[in-house]
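Just below is one structure, and these are the notes that go with it.
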Amino acid sequence: MRWLLVHPGPHYSVAALFTGYGEALRAAGQRVVDFPLGDALGFYDSALFEAGPGRFRKAVSAEQATALAIDRLAGALYKVRPDVLFLVSGFFVDEQILALARRDGVRIVTLHTEEPYEHERELALAAHADLALLTDPVNLPEFQSVAKAEYFGHAYRPAIHYPGPPDPALACDFAFVGTSYPSRIRFLEQLDLDGIDTVLAGNWEHLPLDSPLRQHIATVDCLDNDQAADLYRSAKVGLNLYRREGEQIAGWAVGPREIEMAACGLFFLRDPRPEGDELLGMLPTFGAPAEASALLRWYLEHDDERLTLASKAREAVADRTFDAHAARLLRLLDKE
């Protein structure tokens, strides 16, 4: 089949799913054409007109930039004539584009990466899909009321996420990769990190200037998957911490970073969720920052216990690859 795979827009986090599914579908013999929505958005949003000697102004507004980028997607549908339109996240895609695809007999697959945080938007998108894939199934019955919907948990890329020796430049006791949501800042500021070699990476541009975490910041911009995996292989202990913003219904599924950390062989402390308790129950959970601080120090002092649990976690996620997900996706489309 011929696929038109639409980039989510952001070049971090969910972009890893775009890359993972693209690689896996091609490996399965599918013809995949990428639509670089993130690049199109960036191009139009950064275009400038001369406004006088040495002065410039934006050529279009942010809303107009989005509309122009989506117009290019309409053109790609006409040129590629895909059998399947595969939307990763679908942040900027409107109903008109989906109507165009349906008019030409294109099957639509939507990958919903923001459940349960952006539920209403994602449910509206799913109503236009032939198949909706959810990375968290907490609202799966509601999605199944508007489309054929399935739970597809987060996955990893074996070529990127694997155990290995640490990079001396990145070696540390404790590492956390993520976006600096206020709830995460509040929690991490309460950790006892005194004397612990700590690296905080990801999007930290909104961290207050007076935050005690500033001394640990390695990057203020988001890391790509390769860089994050290098850091995971170089740390002794990691941590997953779910954002609390916008979470009207508690999530059930593990997040992508948990799967990737486990695949890289990194031991980490878990912010508990039901799927994590089932899949990664060998790893310790925490509640308050004081509990996480105590666990962090204990496992830094007990190498054998830490490495044994990390090995078990890696075994637990061994089958959570994009190749396995792509094979399942193709089977589901064959049944339609």
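The values are calculated or read from the model by the stated rules, or taken from the named source; none is laboratory data. Small disclaimer: the values here were computed from a predicted structure and weren't measured. Here the Cβ positions follow ideal geometry from the backbone for every residue, glycine too, while neighbour counts run over all protein chains shown. Quick note on the areas: whole protein, heavy atoms, side chains included, nothing else; ligands and nucleic acids left out. Shrake-Rupley method; radii C 1.70, N 1.55, O 1.52, S 1.80 Å.
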Antiparallel bridge percentage (DSSP; both residues within the chain; nearest 5): 10 percent
Near-label residues of the range 1-25 by backbone N, under 11 Å of a point 7 Å along Cα→Cβ of L330: 1, 24-25
Computed label-point distance, nm, for sites R103 and L307 using a 7 Å Cα→Cβ extension: 6.3 nm
The range 141-292: radius of gyration over Cα atoms, expressed as a fraction of 2.2 N^0.38 Å: 1.08
Peptide ranges 160-167, 79-86, 173-180 listed from the most packed, as the mean C-beta count within 10 angstrom indicates: 173-180, 79-86, 160-167
Cα centroid separation - the range 300-333 against the range 10-39, whole Å: 21 Å
Degrees between helix 225-234 axis and first principal axis of the chain (Cα, 0 to 90, nearest 10): 10 degrees
Degrees separating the helix 15-27 axis from the principal Cα axis of the chain, which is the longest one: 70 degrees
Average Cα contact separation per residue, the chain, under 8 Å, 6 or more apart, as relative contact order %: 15 percent
Folded to 0 to 90 degrees: helix 289-300 orientation relative to the chain principal axis, Cα: 70 degrees
Added length on full extension, which subtracts the Cα-Cα distance from 0.36 nm per residue, I185 to V60: 41.5 nm
The range 1-157, relative contact order in percent, only Cα pairs under 8 angstrom and at least six apart counted: 19 percent
Carbon + sulfur, % of accessible area of the chain - ligands and nucleic acids excluded, 1.4 Å: 52 percent
